[in-house]
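Notes follow the structure.
The values are calculated or read from the model by the stated rules, or taken from the named source; none is laboratory data. What you see is a predicted model, and the numbers here were worked out from it, not measured in a lab. Here the Cβ positions follow ideal geometry from the backbone for every residue, glycine too, while neighbour counts run over all protein chains shown. Surface areas here come from the heavy atoms of the whole protein model, side chains and all, with no ligands, DNA or RNA. Shrake-Rupley method; radii C 1.70, N 1.55, O 1.52, S 1.80 Å.
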Amino acid sequence: MNLQEVVFYILGALLLITGGLVAFRPKPIESALWLIVNFICTSALYVLLGAHFVAVIQILVYAGAIVVLFTFVIMLLNLNPQELGLTAAVPWTSIVLISGTIGVIFLCLHVATPELLKDLPALAENAGTWGTLESFSKVFLVKYVWSFEIAGVLLLMAVLVVGLLAHHHPKAVTAGKSLEKDIS
Amino acid sequence: MSFSIAHILFICFGLFVLGASGFLIRKNAISMLICLELMLNAVNISLVAFGRMHGNESGHALYFLVITVAACETAIALAIILNLFRLRRSIRLDDATVLKG
């Protein structure tokens, strides 16, 4: 067992442990802070795979922007435990159903395709530049230029929609309830 | 490299199932969004790993598109949650029944 393998197994265990903490810690602020640890471990996995640019983007965009947005909203709302609904019943059957189904599908794929079990090729076989910013840009801005444009338009639309939503003021606390009465 | 794509896919599978089960059992909207991010992240790992297996950058292009969609979705969903909180003083999705028929 060489060093890469040891690092890989440690990273995998850390990813699963922090993922479990994100999913099952009761308070949202704890989930958000464990999410940062999870993203840093993901970034380390990308470095191990050789995708350096993706690792940097993972830290910058996910841990730097999205989780900060989550933390900001959680602290802005300042919820008490009663509003969080911490004492709710857990439908364990649905979890078992979902994980069992995906597990069986995964097992079938695993048995059906032994190519999946071959070791990943060394980086030198892939011309040595895989995962760098230069090679990524050459593919992304030439071959996939339309997906780049669509991403830009999508971000513009998101900015416009968030502005509209921020300007829209719901009437009052009871507005929704009177609406329900009107419908029914 | 002494680990195969199946090892990485197993980690992706574990993370995705953790996110999905968290999404199902959580009651407040922000925690459900965080679990959604966990699922998207699991898919991203598998995209980059398959790109590594085939030795091209198409997986990176898809990764870029996925994080764009994730950022847009997070911003819009958090704005909707803030409006919901102003309307109902609560972010539990059991209370958000305006669209119930």
message: When you scan region A:165-180, do you find a residue that is at pLDDT 75 or above and surrounded by 11 or more Cβ atoms within 10 Å (Cβ to Cβ), even just one?
response: yes
- request: Would you confirm whether any residue within region A:42-50 is touching a Lys or Arg at 6+ places or on another chain (Cβ under 7 Å), open to solvent by less than 10 Å² (accessible area, probe 1.4 Å) and part of a loop (DSSP other than H, G, I, E, B)?
  value: yes
message: Filter region B:34-57 down to the residues that are at the interface with another protein chain (Cβ under 7 Å from one of its Cβ atoms) and part of a helix (DSSP H, G or I) and list them by number.
response: B:34, B:35, B:37, B:38, B:41, B:45, B:48, B:49, B:52, B:53
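Restricting attention to region B:73-80, does a residue exist that is in a loop (DSSP other than H, G, I, E, B) and facing chain A (nearest Cβ under 7 Å)?
So the first thing to find is which residues in region B:73-80 are in a loop (DSSP other than H, G, I, E, B), and the list is none.
No, the conditions are met nowhere in region B:73-80.
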